[in-house]
Amino acid sequence: MVETMGDYSASEVEKKWRLYWEKKGTYKFHVKNKGKVYAIDTPPPTVSGKMHIGHAFSYSQQDFVARYHRMKGENVFYPFGTDDNGLPTEKLVEKLKNVKSTKMSRPDIVSLCEKTIVEIKPDFVNDWKIIGMSCDFSEAYSTIDKHCIKTSQKSFIDLYNKHLVYQQTAPSMWCVHCQTAIAQAELEDKELDSTFNEVAFILENGEKIVIATTRPELLAACVCVYVHPEDKRYTKLIGKNITVPLFKHKVLIFADPSASQEKGTGILMVCSYGDKYDVEAINKRKLTPRVIFTPDGKLNSLAGKYEGLGIKDARKDILQDLEKEKLLISKKNIKHTVNVHERCGTEIEFLSSTQWFVKILDNKHKFIDAGRKIHWYPEFMRTRYEHWVEGLGWDWCISRQRHFGVPFPVWSCTTCKTLFIADEKDLPVDPLIDKPKKKCSCGSSSFQGENDVMDTWATSSVTPEIILNWANDKGYDTSMDMVPCSLRPQAHDIIRNWTFYTIVKSMYHTNQIPWKDIVISGHVLDPKGEAMHKSKGNTIEPSVVLAKYPADALRFWAAGSKLGDDLRYLEKDLLTGQKTVTKLWNAAKFTFPHLEDYTSKPKKLEAFDRWILSKLQKLIKDCSENFDIYEYSRVKADTEKFFWITFCDLYLEVVKDRLYKPEERGKVERQSGQYAISETFGTILKLFAPIMPYVTEEIYHAHYAKKEKKDSIHLSSWPVFSASLLDAKAEEIGDQLVEIISEVRKAKSMKSLSLKEPVKILTLPLEEKDVVGFLDDIKAVTKAEKIIFGKTLEIQL
């Protein structure tokens with residue numbers, strides 16, 4: 001009831017409606033419901049203990065879209081999942097429990113990871129509920145649950161049967177900190193301090209040849225030297241042997257165009273392995289590698305006296321010894337960009353190991369073509385995707401030398417070494433516990449299970465298959481008939497992995513694109529426009545924000561950024577959101593008492609009512625069109641402006657006299673105002689509802705829910721544009737008159753007069769016939785005692 005609308009308590013209102021939505025199943029998906037299905041491939045956030053401000057920002061934005069399509073009458077499938085398997089979870093558990101997984105048995109670390117997830121996950125997921133996510137949390141998935149493991153293992157088997165995945169022993173990118181192979185998509189560029197060192201190698205005749213390197217610790221790994229075939233300085237050296245300083249082994253000098261005459265001294269040291277080009281060079285020359293690093297980043301026996309040292313310590317000691325031996329010609333401090341592992345920031349090495357790879361290099365054109373069939377919002381993000389695909393130099397390494405993750409459904413026969421792949425009907429399997437149900441073709445029944453686990457992206461890349469029950473093992477109301485999904489929302493920093501890998505898997509498994517549309521959000525920056533990092537001390541926790549501001553205010557702030565754009569965190573924007581919540585509440589408290597006796601639309605509408613309703617139709621049309629192309633920031637800006645200025649500042653002031661004085665102004669005239677207020681304010685609430693779900697729900701239930709017979713504003717109908725309510729003439733004259741009202745207010749203010757002060761004569765620069773329907777409202781709002789018509793506006797106080 002209207003009488004109970006006291007002050008607005010955001011904390012109480014938000015808790016009330018969260019419980020209500022959950023109890024009512026407001027956001028539950030039912031495949032039998034009528035309406036077009038709108039399926040969202042929701043990003044499963046990595047369980048990290050706490051939601052960060054970037055989560056609140058990007059997930060609010062995708063929720064705007066989900067709520068809009070639900071109000072349009074579409075059957076929205078909006079599942080929620082968490083990414084809680086693989087290396088990220090292991091690293092989190094190591095930090096929280098102060099353990100090192102590489103020093104624990106697999107059963108122990110797996111058990112600890114599972115227990116830790118159970119401990120922290122409820123509070124973590126609750127953060128998403130608090131910001132108003134309209135997901136169906138009753139069907140939440142975990143990327144380490146049995147359904148997801150089965151789906152991921154099915155994906156591997158399908159790729160294996162199609163000869164799209166292979167196992168190979170070869171140099172691959174390796175993180176010595178995490179002690180696992182990684183994929184190209186997990187690399188980040190990082191600028192580090194280093195030294196540019198010119199080192200003397202010795203020819204057989206005793207002559208010194210200078211070679212520049214930033215990695216002297218790889219001298220022991222040197223297997224040959226390259227010079228450019230057209231470099232006249234060194235052509236006489238081609239085919240000769242040269243001695244590596246300190247380590248004194250001889251290597252051959254080759255002519256190769258990959259040696260740049262302009263870089264360094266023009267001589268290239270080829271080591272096993274400094275980078276991918278070293279790998280290619282060693283393979284090309286069929287040289288025997290000298291691998292000097294252990295998996296944990298120590299130097300081995302090939303490094304002689306430096307054995308057991310870490311990479312950085314070895315670098316320091318080797319430079320000192322080179323200087324002592326007068327073999328360090330020069331050393332210059334530099335900053336250079338290197339590849340580091342995104343998970344820990346450690347510089348990447350290349351180590352020879354046995355890994356599983358998904359073939360991608362042979363089909364780059366196919367993935368680019370698939371990307372072009374998807375609608376990208378904003379469109380320029382597709383170019384970023386294509387540049388990534390075009391620049392790929394490695395197949396996708398999906399195996400990880402860790403404990404906690406989805407196991408490969410693979411065994412090898414201990415007798416003949418033949419690989420044995422699990423039957424799909426037996427999934428999920430753990431090859432270290434389960435055994436094949438039949439003998440190997442060689443007759444042996446002795447098998448060794450695959451020790452490695454899959455990279456977390458190998459599972460996250462099948463989220464469409466997970467939510468659409470490709471494994472056919474859940475009681476979901478979904479099926480692969482829903483491919484492609486309607487939408488993939490995500491941030492721009494994971495285009496290279498989540499977007500790309502999902503497209504790869506979808507094309508390989510179903511030969512279809514995974515989604516029709518993809519929307520890319522930006523990042524949250526600090527107030528100075530800098531990226532947020534814990535190391536900088538400039539991060540913001542949503543829990544701190546929400547202790548001070550309503551969730552609707554946080555969402556209002558998130559709606560201020562266009563798709564793909566980064567947004568500064570400015571508290572003034574949240575304050576504006578909070579003020580808008582308060583303004584909506586106060587507008588409801590003012591209007592609803594005037595609507596208690598309103599029953600039906602009058603036969604005739606007053607001129608100013610036609611003015612507001614005509615403008616409202618344009619707002620509805622613009623908001624619908626903008627939401628359809630994911631321009632929610634325009635919806636927010638346009639609705640905010642209309643609500644604050646057109647509706648509150650202008651229209652409500654005009655219509656007040658009719659509402660308060662029906663005996664003087666007429667009951668029909670009041671009824672016309674009631675209709676316009678009811679329609680306009682109800683529409684404003686619905687346009688704001690996807691962005692501010694809590695306050696709009698509270699206000700809707702105070703008046704409109706009973707009238708529309710709906711359980712929730714979020715299940716009510718999205719406003720529909722009505723051409724019959726467009727009135728260009730009413731808008732034209734009304735716009736001129738509201739400008740005149742503004743001038744009258746200004747004139748009174750300049751003389752320090754009350755707005756209730758009468759205007760003796762108001763001269764309007766308009767035709768009398770055009771303003772007849774507006775005159776009574778103009779007289780009332782300006783307090784004009786007499787209105788006449790002339791060539792210019794005149795205000796006689």
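D455 meets the conditions (1) touching a residue at least 60 places away in the same chain (Cβ under 8 Å); (2) open to solvent by 20 Å² or more (accessible area, probe 1.4 Å); (3) acidic (D, E) in every case but one. The failed one is (2).
Results for (1) under 42 Å from the mean Cα position of the chain (by Cα); (2) under 28 Å from L252 (Cα atoms), shown as yes or no for each residue.
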site	(1), (2)
L287	no, yes
D296	yes, no
Q320	no, yes
L328	no, yes
K332	yes, yes
S353	yes, yes
R372	yes, no
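S330: among the polar types (S, T, N, Q), at pLDDT 90 or above and over 18 Å from T169 (Cα atoms), yes or no? So S330 passes the test.
From the list K579, K583, K562, the lone residue that is surrounded by fewer than 23 Cβ atoms within 10 Å (Cβ to Cβ) and within 25 Å of the chain's Cα centre (by Cα) is K562. Going through region 257-270 one residue at a time, which ones are touching a Leu at 6+ places or on another chain (Cβ under 9 Å) and crowded, with 18+ Cβ neighbours inside 10 Å? Scanning region 257-270 gives A259, I267, M269, V270.
Select, from K516, K439, K435, the only residue that is in contact with a Pro (Cβ under 8 Å, 6 or more places away or on another chain), surrounded by fewer than 17 Cβ atoms within 10 Å (Cβ to Cβ) and not in a helix (DSSP H, G or I). K516 is the lone residue from the list that is in contact with a Pro (Cβ under 8 Å, 6 or more places away or on another chain), surrounded by fewer than 17 Cβ atoms within 10 Å (Cβ to Cβ) and not in a helix (DSSP H, G or I).
The set of residues from region 234-265 being under 44 Å from the mean Cα position of the chain (by Cα) and either small (G, A, S) or closer than 21 Å to I311 by Cβ (or both) comprises S258, A259, S260, G264. Here is the figure for region 664-706: residues that are within 25 Å of K783 (Cα to Cα), among the aliphatic types (A, V, I, L, M) and open to solvent by 10 Å² or more (accessible area, probe 1.4 Å) total 1.
One residue stands out in region 371-392 among those that are open to solvent by 70 Å² or more (accessible area, probe 1.4 Å) and charged (D, E, K, R): the one that is nearest to K276 (Cα to Cα), namely E390.
Tell me, yes or no, whether region 689-703 has at least one residue that is under 23 Å from K636 (Cβ atoms), within 34 Å of the chain's Cα centre (by Cα) and free of Cβ contacts under 8 Å to residues at least 24 places away in the same chain. Yes: region 689-703 contains one or more residues that are under 23 Å from K636 (Cβ atoms), within 34 Å of the chain's Cα centre (by Cα) and free of Cβ contacts under 8 Å to residues at least 24 places away in the same chain. Count of region 458-473 residues, restricted to those that are buried (at least 20 other Cβ atoms within 10 Å of the Cβ) and out of contact with any helix residue (DSSP H, G or I) (no Cβ under 8 Å at 6 or more places or on another chain), is 1. Across region 291-311, the qualifying residues are those that are open to solvent by 50 Å² or more (accessible area, probe 1.4 Å) and free of Cβ contacts under 8 Å to residues at least 40 places away in the same chain, and the one among them that is farthest from P216 (Cα to Cα) is S301. I want to confirm something. Restricting to region 341-393 and keeping residues that are closer than 28 Å to D193 by Cα and among the charged types (D, E, K, R), which single residue is modelled with the lowest pLDDT? Filtering first and then ranking leaves R343.
Residue-level check: of (1) in a helix (DSSP H, G or I); (2) more than 18 Å from L650 (Cα to Cα); (3) basic (K, R); (4) under 55 Å from the mean Cα position of the chain (by Cα), K746 misses just (2). Which of the residues that make up region 343-360 are more than 15 Å from V291 (Cβ to Cβ) and surrounded by fewer than 16 Cβ atoms within 10 Å (Cβ to Cβ)? C344, G345 - these are the residues of region 343-360 that are more than 15 Å from V291 (Cβ to Cβ) and surrounded by fewer than 16 Cβ atoms within 10 Å (Cβ to Cβ).
One residue stands out in region 474-502 among those that are aliphatic (A, V, I, L, M) and closer than 20 Å to G564 by Cα: the one that is most open to solvent (accessible area, probe 1.4 Å), namely I494.
Checking each residue in region 525-553 for being touching a Gly at 6+ places or on another chain (Cβ under 8 Å), under 17 Å from K50 (Cα atoms) and surrounded by fewer than 24 Cβ atoms within 10 Å (Cβ to Cβ) picks out only M532. Any idea how many residues of region 21-53 are touching a residue at least 24 places away in the same chain (Cβ under 8 Å), open to solvent by 20 Å² or more (accessible area, probe 1.4 Å) and not in a loop (DSSP other than H, G, I, E, B)? Count: 4.
Does L392 meet the test of being touching a helix residue (DSSP H, G or I) at 6+ places or on another chain (Cβ under 8 Å) and either of a type in the set (D, E, K, R) or touching a residue at least 60 places away in the same chain (Cβ under 8 Å) (or both)? Write out each step before concluding.
Numbers: touching a helix residue (DSSP H, G or I) at 6+ places or on another chain (Cβ under 8 Å): yes; either of a type in the set (D, E, K, R) or touching a residue at least 60 places away in the same chain (Cβ under 8 Å) (or both): yes.
Criteria met by L392.
For F57, the conditions (1) part of a loop (DSSP other than H, G, I, E, B); (2) in contact with a helix residue (DSSP H, G or I) (Cβ under 6 Å, 6 or more places away or on another chain) all hold with the exception of (1). Assigned to a strand (DSSP E or B) and either more than 29 Å from W394 (Cβ to Cβ) or open to solvent by less than 10 Å² (accessible area, probe 1.4 Å) (or both) - does that describe any residue in region 271-290? Yes, region 271-290 has at least one match.
Of these, K709, K661, which one is open to solvent by 10 Å² or more (accessible area, probe 1.4 Å) and within 42 Å of the chain's Cα centre (by Cα)?
Working: K661 fails: within 42 Å of the chain's Cα centre (by Cα).
Sole residue among the options that is open to solvent by 10 Å² or more (accessible area, probe 1.4 Å) and within 42 Å of the chain's Cα centre (by Cα): K709.
None of V76, V99, V118, V125 is more than 18 Å from the chain's Cα centre (by Cα), aliphatic (A, V, I, L, M) and open to solvent by less than 40 Å² (accessible area, probe 1.4 Å) except V76.
In the set (1) closer than 25 Å to K91 by Cβ; (2) out of contact with any Gly (no Cβ under 6 Å at 6 or more places or on another chain), E230 fails one condition alone, (1). All of V738, V720 fail the test of being closer than 23 Å to K621 by Cβ, in contact (Cβ under 8 Å) with a residue 24 or more places away in the chain and open to solvent by 50 Å² or more (accessible area, probe 1.4 Å), apart from V720.
When I421, I398, I368 are checked against the criterion of being crowded, with 21+ Cβ neighbours inside 10 Å and either at negative phi or in contact with a Lys or Arg (Cβ under 9 Å, 6 or more places away or on another chain) (or both), a single residue qualifies: I398. When E139 is tested against the conditions (1) open to solvent by 10 Å² or more (accessible area, probe 1.4 Å); (2) in a helix (DSSP H, G or I); (3) of a type outside the set (A, V, I, L, M, F, W, C), the lone failure is (2).
Within region 173-200, track down each residue that is among the aromatic types (F, W, Y) and surrounded by fewer than 17 Cβ atoms within 10 Å (Cβ to Cβ). Answer for region 173-200, where residues must be among the aromatic types (F, W, Y) and surrounded by fewer than 17 Cβ atoms within 10 Å (Cβ to Cβ): just F196.
Residues of region 102-115 that are small (G, A, S) and either assigned to a helix (DSSP H, G or I) or open to solvent by 80 Å² or more (accessible area, probe 1.4 Å) (or both): S111 alone.
The values are calculated or read from the model by the stated rules, or taken from the named source; none is laboratory data. Remember, predicted model here, so these are calculated numbers, not experimental data. A quick note on method: Cβ atoms are made from the backbone with ideal geometry, for glycine too, and the neighbour counts reach across all protein chains shown. Remember, those area values only see protein heavy atoms, side chains included, never the ligands or the DNA or RNA. Shrake-Rupley method; radii C 1.70, N 1.55, O 1.52, S 1.80 Å.
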